[in-house]
Amino acid sequence: MTESVRGDGGVLKNSEGKRFMFDYVPDVFRKQYAETEEEADRWYTDADNNRRPPELLPRDEVARAINTEVKAGRGTPNGGVYLDIASRLPADQILKRLPSMYHQFKELADVDITKEAMEVGPTCHYVMGGVETIPDTCASPYVKGLFAAGEVGGGMHGSNRLGGNSLSDLLVFGRRAGLGAAEYLDSRGGAAVAIDEADLQAAIDAALAPLSATDGENPYTIHHDLQTVMGDLVGIIRNADEVKDAIVKLDALKARAKNVSVAGDRVFNPGWHLALDLTNLLLISESVAKSALIREESRGGHTRDDFPTMDPKWRQINLICKSDGTAVEVTQQPVPTIPTELLSLFDRGELKKYMTEEELTALPEEKN
Amino acid sequence: MGYKAKFRVYRGDGEQGGLENYEVDVNEGEVVLDIIPRLQATQTPDLAVRWNCKAGKCGSCSAEVNGKPRLLCMTRMSTFDENETITVTPLRAFPVIRDLVTNVSFNYAKARQIPAFAPPTDIKAGDYRMQQIDVERSQEFRKCIECFLCQDTCHVVRDHEENKESFAGPRFFIRAAELDMHPLDARTDRKSFAKAERVCATSPSAAPTCVPSTSRSPTTRSSL
């Protein structure tokens with residue numbers, strides 16, 4: 001379900017038919033969002049004099065709002081909320097602007113979005129955080145020759161990747177990674193990296209193990225259990241007890257994943273691919289859970305029930321996860337300071353919402 | 001209401017193989033691409049299949065269901081009778097790699113033979129200007145998701161391996177048309193090139209399998 005349904009006029013309603021998003025505009029954004037439905041409706045054609053509808057709040061806000069409405073008993077029969085564009089745009093406009101949405105809902109759910117509302121709910125969509133890289137080249141500071149760009153990389157979107165920015169991220173940093181990789185190769189003058197034969201053989205043996213093991217577990221069962229742990233305990237709303245429980249359960253899953261069996265051979269074998277992926281899935285899950293426990297605040301996609309507000313002190317910290325192959329260790333690292341020429345472009349009132357007292361006193365003169 | 005469905009799925013590498021029988025749970029609202037991963041998880045972990053978006057947009061999960069070229073993610077289980085045996089086989093037009101996965105490189109080889117967009121020589125990049133209505137004509141063809149179901153349907157390539165050298169197939173007719181109708185493409189020989197390449201225009205067999213074109217409303221489709 002693309003965000004452009006809301007951008008084109010679609011609105012979110014609970015089971016009482018109310019446009020509940022008006023109740024969920026956070027203080028940091030209050031000035032940018034319409035206060036009444038009338039004002040919101042005028043925005044589509046006159047954005048200069050009206051503010052945007054709250055349905056267009058960043059996705060993490062919308063996800064939390066939907067979550068709260070459903071938990072309060074105002075959700076739809078299938079546990080979501082209603083997204084209505086049928087009552088907002090004429091049918092031919094909907095077909096013209098959203099043909100693939102129309103098709104998808106008609107073909108897969110027998111829902112005609114020109115006549116009725118859709119049931120929607122939050123889902124896993126994008127991973128915030130990832131491989132740490134040097135921004136200019138997308139090179140890893142730890143592993144020579146490793147380059148990462150796009151969703152796999154971290155440090156670009158902070159706690160909340162905004163709509164549309166994934167594409168621009170790919171274009172800009174994809175290019176940088178390509179140039180960075182080419183430069184790195186040139187700097188080596190074409191010399192190949194020396195690999196220890198024993199290391200290589202160990203990697204081969206580890207990769208092939210699931211195919212020869214006979215009494216191991218089905219990787220799909222472990223994968224399913226992993227999804228349950230992360231979905232239930234490290235989901236949209238987190239709290240210390242549940243995340244701690246997740247970390248314990250992840251340890252047990254790691255042990256199970258050491259002994260998996262898959263039938264078949266090496267040609268296009270999805271079971272074997274999953275067995276190999278399990279190690280990485282568990283590594284990421286452990287990193288996410290441990291970081292979620294340490295970060296005692298709520299920011300963007302990370303919401304802590306027990307620490308519901310943003311803490312300016314935490315804004316200055318990145319959580320870096322490292323593993324020696326047995327367990328993930330998380331360390332705190334300062335976020336680089338924003339260059340003064342960029343800082344001076346910000347409205348002082350906005351910066352006050354996010355910065356510590358020390359940072360605010362150190363700010364340069366405000367430009368007008 | 002959930003029920004158990006009977007499936008027959010091709011297993012093999014093209015040289016050796018055959019249809020295997022399975023019985024598998026089906027829940028309300030599911031598509032064939034819900035069933036295949038369930039088979040992998042519970043009965044046969046090495047069942048090879050390509051899939052990605054599960055929403056009819058990436059074109060990865062092309063296969064034949066009861067002999068008809070379909071996207072597995074867009075084939076609803078509710079279109080079958082509960083007692084019906086559903087047969088899933090790989091695209092017949094292309095060599096099998098394993099089970100439901102085929103080698104579709106024929107299409108990439110043909111794509112390379114069609115000259116790319118030729119930029120206008122008298123306008124520099126950044127100064128291109130096009131009218132919306134002129135862009136729309138060509139843009140319909142850009143919606144192709146390269147699922148190759150139309151290629152698979154085309155009896156000229158599907159049933160005659162020897163034709164593959166001379167015929168490119170319906171997908172490339174769309175590609176030729178897209179470039180021909182591009183308001184700024186500088187080549188004037190798109191139509192004659194397509195004819196020479198024998199992308200074939202006489203058989204209407206390919207049209208019903210195309211997902212992007214069937215999602216257009218009747219009014220838009222008639223403008224093509």
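The values are calculated or read from the model by the stated rules, or taken from the named source; none is laboratory data. Just so we're clear, the structure is a prediction, and the values are computed from it rather than from any experiment. Don't worry about glycine lacking a Cβ; one is built from the backbone with ideal geometry, like all the others, and counts go over all protein chains shown.
Tell me yes or no: at least one residue of the range A:277-288 is within 14 Å of chain B (Cβ to nearest Cβ), assigned to a helix (DSSP H, G or I) and either hydrophobic (A, V, I, L, M, F, W, C) or within 18 Å of the chain's Cα centre (by Cα) (or both). Yes, that holds for at least one residue.
I'd like to check something: does the range A:340-356 contain any residue that is in a loop (DSSP other than H, G, I, E, B), farther than 18 Å from residue A:129 by Cβ and under 19 Å from the mean Cα position of the chain (by Cα)? No, the range A:340-356 contains no residue that is in a loop (DSSP other than H, G, I, E, B), farther than 18 Å from residue A:129 by Cβ and under 19 Å from the mean Cα position of the chain (by Cα). Each residue in the range A:227-276 was checked for being closer than 27 Å to residue A:125 by Cβ and within 13 Å of chain B (Cβ to nearest Cβ), and 7 of them qualify.
When residue A:75 is tested against (1) farther than 28 Å from residue A:323 by Cβ; (2) in contact with a helix residue (DSSP H, G or I) (Cβ under 8 Å, 6 or more places away or on another chain); (3) within 14 Å of chain B (Cβ to nearest Cβ); (4) in a loop (DSSP other than H, G, I, E, B), just one condition goes unmet, and that condition is (3).
In the condition set (1) surrounded by fewer than 21 Cβ atoms within 10 Å (Cβ to Cβ); (2) touching a Lys or Arg at 6+ places or on another chain (Cβ under 7 Å); (3) within 22 Å of residue A:129 (Cα to Cα), residue A:309 is compliant with all but (2). All conditions but one from (1) in contact (Cβ under 8 Å) with a residue 40 or more places away in the chain; (2) under 30 Å from residue B:187 (Cα atoms) apply to residue B:69; the one that does not is (2). Looking across the range A:117-171 at every residue that is over 13 Å from the mean Cα position of the chain (by Cα) and of a type in the set (Ser, Thr, Tyr), the one that is surrounded by the most Cβ atoms within 10 Å (Cβ to Cβ) is identified as A:133.
Criterion first (part of a helix (DSSP H, G or I) and either aromatic (Phe, Trp, Tyr) or at pLDDT 95 or above (or both)) does residue B:128 satisfy it? Taking the combined requirement at face value, the residue does not satisfy it.
All of (1) closer than 24 Å to residue A:263 by Cβ; (2) without any contact (Cβ under 8 Å) to a residue 24 or more places away in the chain; (3) within 14 Å of chain A (Cβ to nearest Cβ) hold for residue B:39 with one exception: (2). Residue A:89 falls short on exactly one of the conditions (1) in a helix (DSSP H, G or I); (2) touching an Asp or Glu at 6+ places or on another chain (Cβ under 9 Å), and that condition is (1).
Against the numbered list (1) part of a loop (DSSP other than H, G, I, E, B); (2) modelled with pLDDT under 95; (3) surrounded by 18 or more Cβ atoms within 10 Å (Cβ to Cβ), residue A:2 comes up short only at (3). The set of residues from the range A:119-130 being modelled with pLDDT of 90 or more and either within 14 Å of chain B (Cβ to nearest Cβ) or in contact with a Gly (Cβ under 7 Å, 6 or more places away or on another chain) (or both) comprises A:119, A:120, A:121, A:128, A:129, A:130. Residues in the range B:179-196: is at least one at pLDDT below 90, surrounded by 21 or more Cβ atoms within 10 Å (Cβ to Cβ) and touching a helix residue (DSSP H, G or I) at 6+ places or on another chain (Cβ under 8 Å)? Yes, the range B:179-196 contains at least one residue that is at pLDDT below 90, surrounded by 21 or more Cβ atoms within 10 Å (Cβ to Cβ) and touching a helix residue (DSSP H, G or I) at 6+ places or on another chain (Cβ under 8 Å).
Out of A:329, A:286, report the one residue that is in contact (Cβ under 8 Å) with a residue 24 or more places away in the chain, under 30 Å from residue A:142 (Cα atoms), among the acidic types (Asp, Glu) and in contact with a helix residue (DSSP H, G or I) (Cβ under 9 Å, 6 or more places away or on another chain). Full working, then the answer.
Details: A:329 fails: in contact (Cβ under 8 Å) with a residue 24 or more places away in the chain.
That would be A:286, the only listed residue that is in contact (Cβ under 8 Å) with a residue 24 or more places away in the chain, under 30 Å from residue A:142 (Cα atoms), among the acidic types (Asp, Glu) and in contact with a helix residue (DSSP H, G or I) (Cβ under 9 Å, 6 or more places away or on another chain).
Of all residues in the range B:176-195, those that are part of a helix (DSSP H, G or I) have Cβ atoms under 9 Å from Cβ atoms of residues that are surrounded by 15 or more Cβ atoms within 10 Å (Cβ to Cβ) and of a type in the set (S, T, N, Q), 6 or more apart or on another chain, in B:177/B:138; B:178/B:138; B:179/B:138; B:180/B:138.
If the condition is being within 12 Å of the chain's Cα centre (by Cα), within 12 Å of chain A (Cβ to nearest Cβ) and assigned to a strand (DSSP E or B), then the range B:56-85 contributes B:70, B:71.
Looking at this structure, is residue A:61 within 14 Å of chain B (Cβ to nearest Cβ) and surrounded by 18 or more Cβ atoms within 10 Å (Cβ to Cβ)? Let's see the steps before the verdict.
Numbers: within 14 Å of chain B (Cβ to nearest Cβ): no; surrounded by 18 or more Cβ atoms within 10 Å (Cβ to Cβ): yes.
No, not satisfied.
You will find that of B:24, B:104, B:88, the residue that is within 30 Å of residue B:196 (Cβ to Cβ), of a type in the set (A, V, I, L, M, F, W, C) and either surrounded by fewer than 18 Cβ atoms within 10 Å (Cβ to Cβ) or more than 11 Å from chain A (Cβ to nearest Cβ) (or both) is B:104 and no other. Could you tell me whether any residue of the range A:95-116 is touching a residue at least 24 places away in the same chain (Cβ under 8 Å) and within 30 Å of residue A:292 (Cα to Cα)? Checking the range A:95-116: not a single residue is touching a residue at least 24 places away in the same chain (Cβ under 8 Å) and within 30 Å of residue A:292 (Cα to Cα). Sub-9 Å Cβ pairs linking a first residue in the range B:136-163 that is on the phi > 0 side of the Ramachandran plot to a second residue that is part of a loop (DSSP other than H, G, I, E, B) and of a type in the set (Phe, Trp, Tyr), at least 6 apart or interchain, are B:148/B:94, ordered by first then second residue.
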